[in-house]
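Below is one structure, written out as structure tokens, with a few remarks after it.
The values are calculated or read from the model by the stated rules, or taken from the named source; none is laboratory data. Please read these numbers as outputs of a predicted model, since none were measured by experiment. Neighbour counts are summed over all protein chains in view; Cβ atoms, including those assigned to glycine, are modelled from backbone coordinates with ideal geometry. Surface areas here come from the heavy atoms of the whole protein model, side chains and all, with no ligands, DNA or RNA. Shrake-Rupley method; radii C 1.70, N 1.55, O 1.52, S 1.80 Å.
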Amino acid sequence: LDPLRELQPEIIAAITAYDHGVIKAPTGAGKSFLIRQICKMWPTARILITCAQAPIMRQTYVELKEMFHYGEVGMVGDGMCEPKARIVCCVDRSLLKCDLDKFQVLIYDEVHRAAAPKTADSLGKIQFARRYGFSASPHGRSDSADLHTEALFGPVICQLSYEEVKKTGSIVPIEVRVYSAATCRPMTYDVTTALERHGLWRHSCRNKLIASAVLDVTAELGPDCQILISVAKVEHAVHLGKLLPDFARVYVSMDAAARLRWERDGLLPKGVHPITSKQ
């Protein structure tokens with residue numbers, strides 16, 4: 001295998017010790033790297049690697065192709081269909097395009113997604129493979145289907161905490177500060193959009209709390225620190241921009257009628273044009 005970082009030997013040891021199970025490890029533990037090592041550890045086994053997200057599978061496919069012989073790695077889904085390779089990267093929606101019983105090892109990245117009904121039905125057709133799932137949060141599905149994941153892959157066989165991985169230097173430390181909105185006037189609307197518009201996007205008290213958090217961070221880290229505020233709607237960005245005029249507004253699209261209304265209300269400077277998709 002390639003040289004393993006601290007804590008990674010424990011994961012490899014658990015995989016060799018158990019025929020199935022879930023590895024619970026936070027982002028930064030090197031799950032993608034470990035998946036590649038599993039493919040090297042069993043050099044003749046037929047291995048199926050799957051995930052719900054096509055970009056992740058495409059990246060895994062590209063990385064594996066650089067490590068193994070021509071034709072040894074295939075991709076199914078995302079416009080490709082190479083199901084006969086020894087190692088197959090497959091988007092979970094395309095599992096039935098593969099001869100599932102021929103695989104000896106199954107690896108599911110972000111395994112908490114495996115309990116989705118159609119995915120679980122497809123995975124249930126695999127009878128003989130060793131099964132391993134990777135996830136930072138294998139429990140806590142909103143549909144209470146965690147037991148389905150355990151039925152498919154078994155219990156957690158190796159668990160690394162965020163603090164353990166942080167000590168290795170693999171994760172940038174994160175500091176969390178909570179600003180209470182208990183003093184802000186609550187909003188009650190029956191329609192979700194109205195509740196979000198007046199309770200989040202346009203809520204002046206709540207937006208002032210976000211602006212005060214920006215001032216606190218700037219005072220501590222200096223005026224040159226880079227700050228990203230993530231919002232769901234361009235309307236929220238516009239209202240926050242009024243309080244934080246030095247911030248750039250980045251968005252996918254802006255409705256022309258809404259832009260004129262925001263100009264009229266003084267939330268946007270006159271003549272501001274929406275950024276293009278390229279920008």
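Of the peptides 58-66, 166-174, 187-195, the order by per-residue mean of other Cβ atoms within 10 Å, starting with the highest, comes out as 58-66, 166-174, 187-195.
Straight-line cross-link reach from LYS40 at under 14 Å between alpha-carbon atoms covers these aspartates and glutamates, not counting any fewer than eight positions away in the same chain: ASP2, GLU63, GLU66, GLU72. As a rough guide to protection, the peptides 45-51, 238-244 ranked by mean Cβ packing within 10 Å, highest first, stand as 45-51, 238-244.
Taking 4.7 Å between C-beta atoms as the pairing limit, the chain has these partnerless cysteines: CYS39, CYS51, CYS81, CYS89, CYS90, CYS98, CYS158, CYS225. Entry comment: accessible area of segment 156-260 is 71 Å² per residue, from protein heavy atoms only and a probe of 1.4 Å. Note on segment 1-83: the alpha carbon radius of gyration divided by the globular reference 2.2 N^0.38 Å gives 1.12. Within the accessible surface of segment 111-159, defined with a 1.4 Å probe on protein heavy atoms only, the carbon and sulfur portion equals 51 percent. Inverting the pair-averaged 1/r between distinct Cα atoms of the chain gives 22.4 Å as its Kirkwood hydrodynamic radius. Between the helical axis of 204-221 and the longest alpha-carbon principal axis of the chain there is an angle of about 70 degrees.
Which three numbers, in whole Å and largest first, are the semi-axes of the equivalent ellipsoid of segment 123-279 derived from its Cα gyration tensor as √(5λ)? Don't skip to the end; give the middle numbers.
Details: eigenvalues 324, 103, 67 Å².
Three semi-axes, in Å: 40, 23, 18.
Evaluating kT/(6 pi eta Rh) at 20 °C and 1.002 mPa s, with the Kirkwood radius of segment 115-157 over Cα pairs in the Stokes-Einstein relation, gives 195 µm² s⁻¹. Across all directions, the average projected area of the convex hull around the alpha carbons of segment 1-141 is 7.9 nm².
Work through the residues other than GLY77 whose Cβ is under 13 Å from its Cβ and net out their charges, Lys, Arg +1 and Asp, Glu -1. Show your work: numbers first, answer last.
Values: positive: ARG58, ARG93, LYS97; negative: ASP78, GLU82, ASP92.
Net charge around GLY77: 0.
If one takes the longest principal axis of the Cα atoms in the chain, at what angle in degrees, from 0 to 90 and to the nearest 10, does the Cα axis of helix 234-243 lie? For helix 234-243, the angle is close to 50 degrees.
Cβ-Cβ distance of ARG141 and SER161, R₀ of 25 Å, FRET efficiency by 1/(1 + (r/R0)^6): the value works out to about 0.75. The protection proxy used here, the mean number of other Cβ atoms lying within 10 Å of each residue, ranks peptides 215-226, 9-20 as follows, highest first: 9-20, 215-226. Taking the Cα centre of the chain as origin and assigning +1 to Lys and Arg Cβ atoms and -1 to Asp and Glu Cβ atoms, the resulting dipole is close to 640 debye.
Per residue, the convex hull spanned by the Cα atoms of segment 139-198 measures out at 186 cubic angstrom.
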